[in-house]
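Here is the structure we will look at, set down as structure tokens.
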Ligand code: TYD
């Protein structure tokens, strides 16, 4: 596989879509072919799963939720991400397996190891070259969301403690794999964050093409 797989992670309202759009713009200007992917809901099947996962009313067992995210992931990787990487393209994806470890593992209090193993099974072991973590105090993320919407999905509607656990889990994941993660303080200005991301991606592209 010759392409580059980059993922963005962080709590709701941490600015992932803004940064991935700016990164896409820059990579495209450098002559790279960029595929923008997302989970949940980056495929047709994924959109149906997304609707169930995020908007179905009533109780959903945590393991059922974890399996639905894993199903979305399996299909996205097999039909969108791997083909693009095999063509030598750059895939920028909003959220990947670290989201499941943080939200379903730490948030829903399932075993983080089991949730990670489930994702690795679903994707035949695909890990990103780089994961950009936009770290943000969840109460600040919540203020940002409140300013832009009035309705929340099932995960966003979870209590503050849930989102605290998610944040802590992300930071633990980053500490455990420092070479895969770039951790950034999401309260920094958008253009500064983008500069840090571009520096790291540029270095990565140099090593891959060397
Ligand atoms: P996302 O599409 O990033 O949110 P939005 O576009 O509404 O800002 O993700 C939707 C929610 O799904 C988000 O709260 C995080 C959650 N999520 C998980 O709990 N586990 C996962 O594996 C993924 C990919 C997302």
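Exposure proxy ranking for 92, 77, based on other Cβ atoms within 10 angstrom of each Cβ and starting from the fewest, stands as 92, 77. Roughly what % of Cα-Cα distances in the chain sit above 24 Å, to the whole percent? The share of Cα pairs beyond 24 Å in the chain comes to 39 percent.
Once the Cα atoms are used to define both axes, helix 44-55 deviates from the longest principal axis of the chain by about 40 degrees. DSSP bridge analysis restricted to the chain gives an antiparallel fraction near 0%, rounded to the nearest 5.
Over the chain, what is the mean sequence separation of C-alpha contacts under 8 Å (at least six apart), divided by residue count, expressed as relative contact order in percent? Reported relative contact order: 31 percent. Annotation: the residues 170, 152, sorted from fewest to most other C-beta atoms within 10 Å of their own C-beta, follow the order 152, 170. Computed from Cα atoms, the angle from the helix 160-176 axis to the main principal axis of the chain rounds to 30 degrees.
From helices alone, the chain scores -16000 deg cm²/dmol at 222 nm; the rule is -39500 (n - 2.57) for each run of n ≥ 4 DSSP H residues, then divide by the residue total. The angle separating the long axis of helix 138-148 from the principal Cα axis of greatest extent in the chain is about 90 degrees.
As a proxy for reagent exposure, ranking 73, 195, 167, 151 by other Cβ atoms within 10 Å from fewest up yields 151, 195, 167, 73. The alpha carbon centroids of the range 94-131 and the range 71-88 are separated by 16 Å.
Every number here is computed from the coordinates shown, using simple stated rules; none is lab data. For clarity, every value in this text was computed on a predicted model and none was experimentally measured. Note: ideal-geometry Cβ built from the backbone for every residue, glycine included; neighbour counts use all protein chains shown.
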